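Encoded as structure tokens, the structure appears first; notes follow it.
Derivation of every value follows stated rules applied to the coordinates shown; laboratory data play no part. What you are looking at is a predicted structure, and each value in this text was computed from that prediction instead of being measured. Ideal geometry is used to build each Cβ from the backbone, glycine not excepted, and the neighbour counts take in all protein chains shown.
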Amino acid sequence: MFKSVFAKYLTAICILILACILILAWIISSVVRNYAIELKSKEMNWSCTTTVSLVSLTYGNSDGSLSFSDFILRNERGISDMIGTILERDDTQTVVLTDSVGYVLLLCGDDDVLTGENVAQSVLSSLVENGEYIARSNVGGAIEGQYLIFARPFLAEDGTFEGAAFILSSAEKELTLIKSMTETIVTSSLWVLLAAIIAVYFITDRVVDPLRGMTAAVKRFGKGDFKMRVPVTGSDEIAQLGKAFNHMAESLEHTEKMRNMFLANVSHDLRTPMTTISGFIDGINSGAIPPEKHGYYLNIISGEVHRLSRLVSEILDLSKLESGERKFEAVPFDVCETARLILISFEQKINQKRLDVEFDAEKDSMKVTADKDAIYQALYNLVDNAIKFAREGGLIRLSVGYGESGKVMVAVFNEGDGIPEADLPYVFDRFYKSDKSRGLDKNGVGLGLYIVKTILEAQGETISVRSDPGKNCEFVFTLSPSESEANEHAKN
């Protein structure tokens, strides 16, 4: 029944609203009841005090020949008329006069309240001791049912207890008022609850609807379709979640495209050299290639084998990096010397393209702390790319210096076609190749820059790229200076 978030949320809100309404109704009813009882108590206190005062005054003006009990019985009619005048203010009250032992001498009001029993001695004792008696009781069985009671004693001049005046009230009007008020609150609350349920239904539906869309999208993602997006409206947390989900979908779609491109590239890069190798070997074995040409074609075969080896090495490097199998050991080394060695290793390629080379170092020797082999591999890949995509007779510049952050900055610059602005956000992604036509880079599968970035980030460093399309391109990465290098730089 409550499997969906929508049902759970709607049920929880309705229960919460209903609980609040019930608590509010109970609080209001309690306040009104207490207020009504307080008003009733004041009226009863006045009635009781007035009754005791008038009866005592009347008894005190008598000749004194009669006891208090006999006086009440002899003058029952007159006292009843006097008390009736007092009760005109509240006809819900009943006055009961008793003697000192609890025997009822006079009743003004509802005759059915009495049971014929005397007022309990415990009640009289409490009345004498405290000077008044306030309670909701039947005064020890003398009264039929529970009443709100207010009582005061009749005392002789010497303080002797002669009797008591009890004011009774059933508080029926108050109870009726409270019942009517409670019914009104409940009825109003039910309408409020209905309105709240309708409002919560639509609000909850608005909250849950994007989640339903995400669920449908995820199911389609599982089938390999990453084109579905979630409609986003507003700027609340649900809208932010929708935006993040759509961004994730775009990333997944982009990754899927890169994966497909990678498979196509790998298939091409495996098939082409293997076809070349197979064709030349078959030609040598069949005699179609004369012996004097064997050396030439064997060199071609050797180049294709090396090309396959580089491809396999890149894939293996990627696998080790992503699995965490490759460990990095930070040691101090001279990054300027490493850069020089890399440039020298590309001498043949540089000469073939007639490139101008600049090496710009802030100092002849700059020590950094990092994994030397990994940094060599990263810088080698960047220089290889710079030469590969440089224009004929263009400039290659490798710079080493300090940045504003105090880290060593290594920059590789080349003049060439650069990188299109639309491709800049993706150049470090796996399998991404800017040259979709494969007209320039026929030896890679789009892993080189991703491996470079992964190597640097694994050592806490960063890499960035800037490009002026049609003119030049520059990659810049950071390295941490060794302790001695940092101290020396700080002194200068």
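Some notes on this structure:
- Around Phe221: net Lys/Arg minus Asp/Glu count, Cβ-Cβ under 13 Å: +1
- Proxy reagent accessibility, fewest Cβ within 10 Å first, across Val208, Val410, Val452: Val208, Val452, Val410
- Over the chain, relative contact order from alpha-carbon pairs under 8 Å, at least 6 apart, %: 10
- Ratio of Rg to Rh for region 45-86: 0.97 [Cα atoms; Kirkwood radius as inverse mean 1/r over pairs].
- Listed peptides 341-353, 100-112 by packing density, highest first (mean Cβ within 10 Å): 100-112, 341-353
- In this structure, the amide hydrogen of Asn118, modeled 1.01 Å from its nitrogen in the peptide plane, lies closer than 5 angstrom to no residue at least 5 positions away or on a different chain.
- Cα-based values for region 69-111, radius of gyration first and Dmax second, are 10.5, 30 Å.
- Using a simple spin-label model with pseudo-atoms 7 Å out from Cα toward Cβ, Ala120 and Ser67 lie 2.5 nm apart.
- 5 angstrom amide H check on Ala135, placed H, neighbours 5+ away: Ile149
- For region 78-150: Kirkwood Rh in Å [reciprocal of mean 1/r, alpha carbons]: 12.8
- About the Cα centre, charge dipole magnitude for region 331-491 (Lys/Arg +1, Asp/Glu -1 at Cβ), debye: 540
- Over all other residues within a Cβ to Cβ distance under 12 Å of Glu337, the charged ones net out to +2, with Lys and Arg as +1 and Asp and Glu as -1.
- Neighbour-count order for Trp26, Trp191, Trp46, fewest beta carbons within 10 angstrom listed first: Trp191, Trp26, Trp46
- Peptides ranked, highest mean first, by Cβ atoms within 10 Å: ranges 144-152, 480-488, 379-387: 379-387, 144-152, 480-488
- Highest mean packing first, where packing is the average number of other Cβ atoms within 10 Å per residue, the peptides 118-130, 211-223 line up as 118-130, 211-223.
- Estimated vicinal HN-Hα couplings, Hz - region 407-414 in sequence order (Karplus 6.51, -1.76, 1.60; Gly, Pro = x): 8, 7, 10, 10, 10, 10, 10, 9
- Scalar couplings 3J(HN,Hα) for region 422-427, obtained by applying the Karplus form with A = 6.51, B = -1.76, C = 1.60 to θ = phi - 60°, are 5, 8, 4, x, 10, 4 Hz; x denotes Gly and Pro.
- Charge dipole (debye, nearest 20) of region 1-105; +1 at Cβ of Lys and Arg, -1 at Cβ of Asp and Glu: 960
- Neighbour net charge for Phe71 - beta-carbon separation under 11 angstrom, K R +1, D E -1: -4
- Average projected area [Cα convex hull, region 113-155], square nanometres: 2.8
- Based on the convex hull around the alpha carbon atoms, region 331-491 presents an average projected area of 9.2 nm².
- Kyte-Doolittle mean at least -1.0 and Cα axial length at least 20 Å: DSSP H helices in the chain: 5-60, 172-222, 237-286, 294-323, 372-389
- Dmax and Rg, reported as Rg then Dmax, of region 36-121 (C-alpha, Å): 13.4, 44
- Dividing the Cα radius of gyration of the chain by its Kirkwood radius returns 1.53 for Rg/Rh.
- Between amide H atoms placed 1.01 Å from N, distances below 5 Å from Tyr402 occur with Met409, all of them 5 or more places distant or on a separate chain.
- The per residue volume of the convex hull around the alpha-carbon atoms of region 5-175 is 132 Å³.
- Given +1 at the Cβ of Lys and Arg, -1 at the Cβ of Asp and Glu and no other charges, the dipole of the chain around its Cα centre is 3300 debye to the nearest 20.
- The per residue volume of the convex hull around the alpha-carbon atoms of region 360-401 is 73 Å³.
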